[in-house]
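Take a look at the structure set out below.
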Amino acid sequence: MNRLNFLTAGIPLSAKDYTDGFKTLQNMGLNGMELEFVRGVRISEKSKQAVLSRDENLVITSHAPFYVNLNSDDEEKIEASIARIIETAEMTESLGGWSITYHAAYYMGNSAENTFNKVVEGHKKIFSALNNSKIWIRPETTGKKTQWGDIDEIIALSKEFERVLPCVDFSHIYARETGAYNTYDEFCKIFDKVGKNLGSTALENFHAHIAGIEYTQKGERKHLNLEESDFNYKDLLCAFKAFGIKGVIVCESPNIEEDCKLLSDYYQSVI
């Protein structure tokens, strides 16, 4: 990636379809869209053509279905989860996409070590099917302590596979840690950790999620608009700028394009 791109999580709310959505993004000075396959990898032929015919400067990523658990105690559910990730990757690559993300697993009462091993085995099957795919495969940092996927676990998984890098959902980390990781220094620690462990490639091909968020002692509760949340997006964007991060920021706030524009404008204002 040659810059930091600002993407909406799905079609802008003010647009009626993909064609109108891409026009809206361009008119707002935004850079692309994360396709939301969260309830299944389904897209009409008309929508496919709209994605394929978008301006070449608009970046596409995808979010795989929510129904993924590579640590299920039911082998059929694991195989179905693997299939959903593969299907998302293949569909996204066919549409000229750059990256996919997903919530990889739940602990299910198992140890972190055993869960990690199950997640690794699942990804071996994913890459066996994808063969020479060039798309980035990105497990996302999760917002609840019952979910596998803190930043250290995802960095460890990324070391196991050439085409795996983290999707760092900063709002999830903030919620999972019940209010920690919400200062400039803490954000810098995350970038520093990713860079030291995964190298410059990870910082130059970064995939992030940002939203306002409400949390409890159990972690994430729901997404909020940025100005309705205590999440410190301004210091986060200053850290993005300080580290020269390239890649994508996907805005997942309920008012997706408004907060995406807010993030983009603030980032541009940072000297």
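For this structure, a couple of remarks:
- Label-to-label distance, nm, for residues given as residue 217 and residue 234 (7 Å Cα→Cβ offset): 3.2
- Residue 46 accessible area, assembled protein chains, probe 1.4 Å, Å²: 150
- Accessible surface of the stretch 1-151, 1.4 Å probe, proportion on carbon and sulfur as whole %: 47
- Centre separation in Å (Cα based) which lies between the stretch 80-101 and the stretch 135-204: 20
- For residue 118, a cut-off of 15 angstrom between C-alpha atoms picks up these aspartates and glutamates, skipping any fewer than 8 places away in its own chain: 73, 74, 75, 76, 79, 153, 160.
- Think of the chain as having a plus end and a minus end, set by charges on the Cβ of Lys, Arg, Asp and Glu; of 179, 63, 97, 97 sits farthest toward the positive end of this dipole.
- Measuring against 31 Å, Cα to Cα, the residue pairs 77/189; 48/144; 145/189; 144/241; 189/222; 16/144 contain 77/189; 48/144; 16/144 as the ones spanning a longer distance.
- The chain - Cys residues lacking any other Cys C-beta under 4.7 Å: 167, 188, 238
- Size of charge dipole - the stretch 184-271 - debye, nearest 20, with Cβ of Lys, Arg +1 and Asp, Glu -1, no other charges: 400
- Average accessible surface area per residue within the chain, 1.4 Å rolling probe, Å²: 44
- Computed over the chain: relative contact order in percent, which uses C-alpha pairs under 8 Å that are six or more apart: 19
- In Å², nearest 10: area of residue 68 left accessible to a 1.4 Å probe: 10
- Charge dipole (debye, nearest 20) of the chain; +1 at Cβ of Lys and Arg, -1 at Cβ of Asp and Glu: 360
- Local electrostatic count at residue 267 - Lys and Arg +1, Asp and Glu -1, tallied over other residues with Cβ under 13 Å: +2
- Remark: accessible surface ordering of 17, 265 (largest first) is 265, 17, probe radius 1.4 Å.
The values are calculated or read from the model by the stated rules, or taken from the named source; none is laboratory data. A quick note: this is a predicted structure, and the numbers were derived from the prediction, not measured. Every residue, glycine as well, gets a Cβ built from its backbone with ideal geometry; the counts of neighbours run over all protein chains shown. Accessible surface is based on the protein model in full, side chains and every heavy atom, while ligands, DNA and RNA are left aside. Shrake-Rupley method; radii C 1.70, N 1.55, O 1.52, S 1.80 Å.
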